[in-house]
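Participant: Starting off with a structure, shown below.
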Amino acid sequence: MKFKIDMELVKKYSYFLVGALILLLIYKLLDNFAVVTGTIVGVITGILEVLMPILAGVVLAYLLFRPMRGIEKFVFKTIPKSQNRERTIRLISILIVYVITIILIVLFFYATIPSVIESLTGLIAQTPEYLTIIDNYLGESLAKGGAAKDILTELKVAIDSLQNMTAMDLLNQITSYFGANPDSIKNIGNFAFVFLKGTIGFVISFFIVFFVGLYLMLDKEKISDQVDRFAKAVLNRTLYNGSHWAILTIDEIFYKYFTGKILTSMLIGFLFYLGLLVIGVEYAPLFGVIVAITNVIPYFGPIIGAVPAVIITFIDEPVKALWVGIWILVVQQFDGNVLAPNVLGKIVELNPFWVLFSVIVGGSLFGIPGMFVAIPVFAVIKVFFEEGLTRWEHKKELLEKPLE
């Protein structure tokens, strides 16, 4: 007598077993959610650290390709028969745009770094005095009591820990940043080794970024053709045309927005610096650079960047701190109502309400990075929505059109 296997029954039990295993796996993942997410974040962070020079090279190529292409076209127009040596002209154009970029960066650092270092050195020298003043003020406020007693106590503990920080503590912090064990830093030789290690790593990363950007710009059309060919092979015509249009739209908005934002941020930082010079604020170059950096955050950036200037000036001269606060509000209004609408508004085509809405939503979901990219992302969503709405209206008109 042959034993007959019921395949339908086996199949049912197999489905049941697989479903039970999936549920068990989901339960274990949820039960150890913190460990799982921490592991995933750690893996992603490690991968990003390894790939960071390559990603930086991609960003560099993205930002410099259009200026390089402009130089290349200029050479083609002015030098007869230069089209016959297209790759050589492309390489020369890349090197020219690299040299111009390096010169601009060096000039910027030459104009700002000495003043910023002088301001930072002076601020560090004055920090113990400032901490003492703040500590005394907190002590007096705590003696009076009040609703904010717990907050003031926490602030006083933090100030006391800063006052007790020694040079060795600071050295340990620096060496920890470079990935070394602070306890192993016992002499200047070990510290020099850590510094040398960090410097060599920076130089290697710099050359990786340089050559990745060079090769991407050199073979940009070839790489684009390969990606385009792959997309045509795996996508149908409708999906291919839609994705192609979407990529071009995203590229246009993001590139123009970020280049415009960088230029306007530098201008706002310079205006804030000039105002601080007129008011007579110490460390004006340092505060100007801080505002220029934080201004990449729309609306709130200048105010966030001006907080250190207001606080430090208030410790010295409260009246000047008031003028600093007034000046940053003037600069912020100029940026939000004059500069941004005329420079960035024509790119993103968003009214102030939607700009503010996108910044708040982006900041709530993803913090400072979300605030930074909120406006161009929302502008892209707006373009996609309007395009979809236009097509839907056109399709509706065709359906409602009477047949002749």
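The values are calculated or read from the model by the stated rules, or taken from the named source; none is laboratory data. These numbers come from a predicted model, not from an experiment. Cβ atoms come from the backbone with ideal geometry, glycine included; neighbour counts cover every protein chain shown. Side chains included, ligands, DNA and RNA excluded: accessible areas come from the protein's heavy atoms. Shrake-Rupley method; radii C 1.70, N 1.55, O 1.52, S 1.80 Å.
Participant: What does the accessible area of THR88 come to, in Å² to the nearest 10, when a probe of 1.4 Å is used?
Facilitator: Spelled out: THR88, probe radius 1.4 Å, area about 60 Å².
Participant: Along the stretch 364-378, what does the Karplus equation 6.51 cos²θ - 1.76 cosθ + 1.60 (θ = phi - 60°) give for ³J(HN,Hα), rounded to whole Hz, x for Gly and Pro?
Facilitator: Once rounded to whole Hz, the list reads 5, 7, 10, x, 4, x, x, 5, 5, 9, 4, 5, x, 5, 5.
Participant: Roughly how many whole Å is it from the C-alpha centroid of the stretch 369-398 to that of the stretch 241-289?
Facilitator: Distance between centres, Cα-based: 25 Å.
Participant: Which length gain, in nm to one decimal place, applies between GLU221 and VAL278 when the Cα-Cα distance is subtracted from 0.36 nm times their residue separation?
Facilitator: 15.4 nm is the gain from fully extending GLU221 to VAL278.
Participant: With θ set to phi - 60°, apply the Karplus curve 6.51 cos²θ - 1.76 cosθ + 1.60 along the stretch 206-222 and write out the HN-Hα couplings as whole Hz, x wherever there is a Gly or Pro.
Facilitator: 4, 5, 4, 4, 4, 6, 4, x, 5, 5, 5, 6, 5, 10, 4, 5, 5
Participant: Using only the Cα atoms of the stretch 237-313, build the gyration tensor, take square roots of its eigenvalues as a ≥ b ≥ c, and label the shape rounded, prolate or oblate: rounded if a/c is under 1.5, else prolate if a/b is larger than b/c, else oblate.
Facilitator: Since a/c reaches 1.5 and a/b is larger than b/c, the shape of the stretch 237-313 is classed as prolate.
Participant: Another one. How large is ³J(HN,Hα), in whole Hz, for each residue of the stretch 303-310 in order, when computed from phi with the Karplus curve 6.51 cos²θ - 1.76 cosθ + 1.60 and θ = phi - 60°, using x for Gly and Pro?
Facilitator: 5, 4, x, 7, 4, x, 5, 5
Participant: Name the long-range amide H neighbours of ILE297: under 5 Å, sequence gap of 5 or more, or other chain; modelled H, no Pro or chain starts.
Facilitator: Excluding prolines and chain starts, which carry no amide H, there are no hits.
Participant: Compute the distance in nm between two label points, each set 7 Å from the Cα along the Cα-to-Cβ direction, one at ASN241 and one at ASN351.
Facilitator: Label at ASN241, label at ASN351, 3.3 nm between them.
Participant: Compute the length gained on full extension between TYR110 and VAL361: take 0.36 nm times their separation in residues and subtract their Cα-Cα distance, giving the result in nm to one decimal.
Facilitator: 86.5 nm
Participant: Taking 7 Å along the Cα-to-C-beta vector as the label spot, tell me the PHE385-ALA20 distance in nanometres, rounded to one decimal.
Facilitator: Using points 7 Å along Cα→Cβ, the separation is 4.9 nm.
Participant: Turning to a different aspect of this structure: Can you compute the modelled spin-label distance between LEU398 and ILE103, with each label point 7 Å from Cα toward Cβ, in nm?
Facilitator: Going by the 7 Å Cα→Cβ label model, 5.4 nm.
Participant: For the stretch 15-87, what is the convex hull (Cα atoms) projected area averaged across all directions, in square nanometres?
Facilitator: 9.8 nm²
Participant: Quick check: net charge around GLN226, other residues with Cβ under 13 Å of its Cβ, Lys/Arg +1 and Asp/Glu -1?
Facilitator: 0
Participant: Under 14 Å from the Cβ of GLY280, count the other residues' Cβ atoms, weight Lys and Arg +1, Asp and Glu -1, and hand me the total.
Facilitator: -2
Participant: While we're here: How much accessible surface does ARG66 have with a 1.4 Å probe, in Å² rounded to 10?
Facilitator: 90 Å²
Participant: OK, next. Kindly rank 252-258, 71-77, 266-272 from highest to lowest mean number of other beta carbons found within 10 Å of each residue.
Facilitator: 266-272, 252-258, 71-77
Participant: Going down the table (LYS256/LYS395; LYS77/LYS222; LYS81/LYS256; LYS220/LYS256; LYS81/LYS222; LYS222/LYS256), which pairs top 29 Å between alpha carbons?
Facilitator: Check vs 29 Å cut-off fails for LYS256/LYS395; LYS81/LYS256.
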